[in-house]
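The values are calculated or read from the model by the stated rules, or taken from the named source; none is laboratory data. Computed from a prediction, not measured in an experiment: that's the story for all the values here. Cβ atoms come from the backbone with ideal geometry, glycine included; neighbour counts cover every protein chain shown.
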Amino acid sequence: MGLIKVEEKIDDFKLTANIIKVGEDLVIIIGGGEYHIGAVGISYPTASIIKKGKDTITTSVITLPAHKEDIVAKMFSEKVSKALNKKVVAVAGIHFDNIAKNDIEKILECCEKLCEKVINRICGDA
């Protein structure tokens, strides 16, 4: 599995996820508009301390000052880690000029759809 590119678009907002396999782990770079690094999330399966014999997902997120991509980095790293039982790093950087509040909702909806596409694509390539 080399570089895998997955795209999703809602209205004028096109987002891309580039997926790189690093051993058994995954790095996912999510971008749209002007690409950059706004936030990084890492998630990994670990034994639950509450539900004995069950796994849970542990996540850490680093967000750069004045950025809001922590929601996206956390979404991708957690959902993909849970679905595939792998360590996942998600790097998110999305910037579109002059967007309204309802545009942000569209972008988050696009991220949700893109994340599902990523999971389905990786599962199909496994």
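Things worth noting here:
- Selection of segment 24-47 for residues being closer than 18 Å to Lys86 by Cα, modelled with pLDDT of 95 or more and among the small types (Gly, Ala, Ser) yields Gly41, Ser43.
- Selection count where residues are more than 11 Å from Gly31 (Cα to Cα) and over 15 Å from the mean Cα position of the chain (by Cα), scope segment 1-15: 7
- Residues in segment 102-126 that are aliphatic (A, V, I, L, M), closer than 20 Å to Lys86 by Cβ and part of a helix (DSSP H, G or I): 4 in all.
- Single residue of Lys86, Lys79 found to be among the charged types (D, E, K, R) and either without any contact (Cβ under 8 Å) to a residue 12 or more places away in the chain or part of a helix (DSSP H, G or I) (or both): Lys79
- Condition check for Val91: in a strand (DSSP E or B), under 15 Å from the mean Cα position of the chain (by Cα) and crowded, with 21+ Cβ neighbours inside 10 Å: yes
- Given (1) surrounded by 14 or more Cβ atoms within 10 Å (Cβ to Cβ); (2) assigned to a strand (DSSP E or B), number of the condition Ser60 does not satisfy: (1)
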